Amino acid sequence: MPQVITQRIELELTLDQILAIVRQLKPREREIVRRAIESPPWSQRLDALLARVWSRVECYPITEEEVDAEVEAARTALYAQGSR
């Protein structure tokens, strides 16, 4: 069980208790908590994901025609599912 010491008061809290405390915070305060515990920040994760995507694009280039064909195939499959 996590222990928290604040203003010389020691508390032993369960995860459910910690979540209940966080839920009582104002939205702005919850956002601060979320950012503090998020590692790495979402922007770094997004940048890493985009870098991986672009590296795959460079390794496996596709033409505009191939993209159009895939989009059309996906649309056709969706329309077929919707007409059942």
In the chain, which GluC sites (Glu not before Pro) fall in coil by DSSP and have 14 or fewer other Cβ atoms within 10 Å? 38
Expected 222 nm ellipticity per residue - DSSP helices of 4 or more, -39500 (n - 2.57), all of the chain, to 500: -22000 deg cm²/dmol
Suppose we take every Cα in region 43-82 and form the convex hull; what volume per residue is that in Å³? 91
Determine Rg/Rh for the chain; Rg is computed over alpha-carbon atoms and Rh is the Kirkwood hydrodynamic estimate from the same atoms. 1.30
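None of the figures in this text is laboratory data; all of them are computed from the coordinates on show. None of the values given here were measured: they were computed from a predicted structure. Heads up, the Cβs are rebuilt from the backbone with ideal geometry, glycines too, and the neighbour counts pull from every protein chain shown.
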